[in-house]
Amino acid sequence: MAANLDHIGRASLKELGDIRIDDVLSFIDRGIENMPSYMDLYRRWESQQWAVADLDFTLDREDWLKATELERKSTLWSHRLFFNGEERVTSTLAPFVWAAPTPEIEIFLSTQMVDEARHTVFFQRWWHEVVGTEAKDLGTLLAEIRPQANEGYNTLFYDRLPSAAQRLASNPKDIDAFIEGVTIYHIIVEATIALTGQRFELESMRELGSTDRGFYQGFTAVARDESRHVSFGIKVLQEAVREDAGRFAPLIQKTLVDCLPLVTGTLDPPDPRYITEFGHTESEILQFAFESLNKRLRAIGINLAA
């Protein structure tokens, strides 16, 4: 299995079309068993570079033109959440870099800023070349596609995450704000929401035989990036709990409890058919999300019941 994971880590965009999302997520599980250092994660970033410009969306555009109204609405709902979310996390990450408690953490977080910007550009290009937006710049496009989401999504991405970033911007030495922010950013947003959505969307594309599409290859590369970010978040929180469990475990637990309803709300589609028509159920998706979350929490050394 280790050799297979090493291949996934080095795979090119084209080769990612032959890889399952569950294999990509295995990077996180392997990290739980043998936690990489921050510089290990940096070196993994160096070896996993990819360029949005190398993707070919020709087949994706053909699929879009042949898609049913329901298929288009479902795809737009999902991609709005991701596109907007990628831009939101890009815009709020800088204070985390400023507040990094060690140079190694600062270096890794700097790579993550590049990743999040690349993910935003990935969706921007998909929207232009597949959907065919007439927006002339990224700001106009983001205003156009902002999700008409429930309050859970809005609270998480426009309140909780920016508030944590603002606290760090005001006081980079506020370690409690840093730990709370990493919990929201890396464990709630990335490990629980993003990777769950990526897993089910990519598996649906695989079942449809669409692994040669530009979106499949690019979105798998996005998920591979996210697996590094999640491993980083687990490591930061694991070290914090080991250093001072009495101080940091309750802080992480409270942040999680406050945010869990927002997770459920974000993953809840406006039309159940956006999920059921593609062979899945809302309960199945939520179960996967919370099982994944509990696995990360065990690695950190806490549980929600404590």
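Please treat every number below as a calculation from the coordinates, not as lab data. Please read these numbers as outputs of a predicted model, since none were measured by experiment. Note that each Cβ is placed from the backbone with ideal geometry, even for glycine, and that neighbours are counted across all protein chains shown.
When segment 106-159 is examined, which residues are found to be charged (D, E, K, R) and within 16 Å of Ala94 (Cα to Cα)? Steps first, please.
Filtering segment 106-159 for residues charged (D, E, K, R) gives 106, 115-116, 118, 125, 129, 134, 136-137, 144, 146, 151, 159.
If the condition is that a residue be charged (D, E, K, R) and within 16 Å of Ala94 (Cα to Cα), then Glu106, Asp115, Glu116, Arg118 are the ones that fit.
Tell me yes or no: at least one residue of segment 286-306 is surrounded by 13 or more Cβ atoms within 10 Å (Cβ to Cβ), among the β-branched types (Val, Ile, Thr) and within 26 Å of Phe108 (Cβ to Cβ).
yes
Does Arg213 fit the bill of being touching a Leu at 6+ places or on another chain (Cβ under 6 Å) and either closer than 30 Å to His128 by Cα or touching a residue at least 12 places away in the same chain (Cβ under 8 Å) (or both)? Step through it out loud before you land on a result.
Numbers: touching a Leu at 6+ places or on another chain (Cβ under 6 Å): yes; either closer than 30 Å to His128 by Cα or touching a residue at least 12 places away in the same chain (Cβ under 8 Å) (or both): yes.
Answer is yes for this residue.
If a residue has to be within 21 Å of the chain's Cα centre (by Cα) and assigned to a loop (DSSP other than H, G, I, E, B) to count, how many in segment 47-81 make the cut?
5
Restricting the search to segment 197-248, which residues are of a type in the set (Gly, Ala, Ser), more than 19 Å from the chain's Cα centre (by Cα) and surrounded by fewer than 20 Cβ atoms within 10 Å (Cβ to Cβ)?
Taking segment 197-248 and keeping what is of a type in the set (Gly, Ala, Ser), we get 197, 204, 209-210, 214, 218, 221, 223, 227, 231, 233, 240, 245-246.
Filter once more, keeping what is more than 19 Å from the chain's Cα centre (by Cα): 209-210, 240, 245-246.
Listed by number, the residues that qualify are Gly209, Ser210, Ala245, Gly246.
Taking the residues in segment 92-105 that are touching a residue at least 24 places away in the same chain (Cβ under 8 Å) and part of a helix (DSSP H, G or I) as candidates, determine which candidate is farthest from Ile145 (Cα to Cα).
Glu104
Identify all residues within segment 23-46 that are aromatic (Phe, Trp, Tyr) and not in a helix (DSSP H, G or I); write none if there are none. Give the steps one after another, and end with the answer.
Filtering segment 23-46 for residues aromatic (Phe, Trp, Tyr) gives 27, 38, 42, 45.
Answer for segment 23-46, where residues must be aromatic (Phe, Trp, Tyr) and not in a helix (DSSP H, G or I): there is none.
Scan segment 106-156 for residues that are among the polar types (S, T, N, Q) and part of a helix (DSSP H, G or I) and jot them down. Give the derivation first.
If we filter segment 106-156 for residues that are among the polar types (S, T, N, Q), which is where we start, we get 110-112, 120, 124, 133, 140, 148, 150, 154-155.
Ser110, Thr111, Gln112, Thr120, Gln124, Thr140, Asn154, Thr155 - these are the residues of segment 106-156 that are among the polar types (S, T, N, Q) and part of a helix (DSSP H, G or I).
Is it the case that segment 175-183 has a residue that's over 22 Å from Pro250 (Cβ atoms), aromatic (Phe, Trp, Tyr) and touching a residue at least 24 places away in the same chain (Cβ under 8 Å)? Can you show your working first?
Step one: of segment 175-183, the residues over 22 Å from Pro250 (Cβ atoms) are none.
No; the residues of segment 175-183 include none that is over 22 Å from Pro250 (Cβ atoms), aromatic (Phe, Trp, Tyr) and touching a residue at least 24 places away in the same chain (Cβ under 8 Å).
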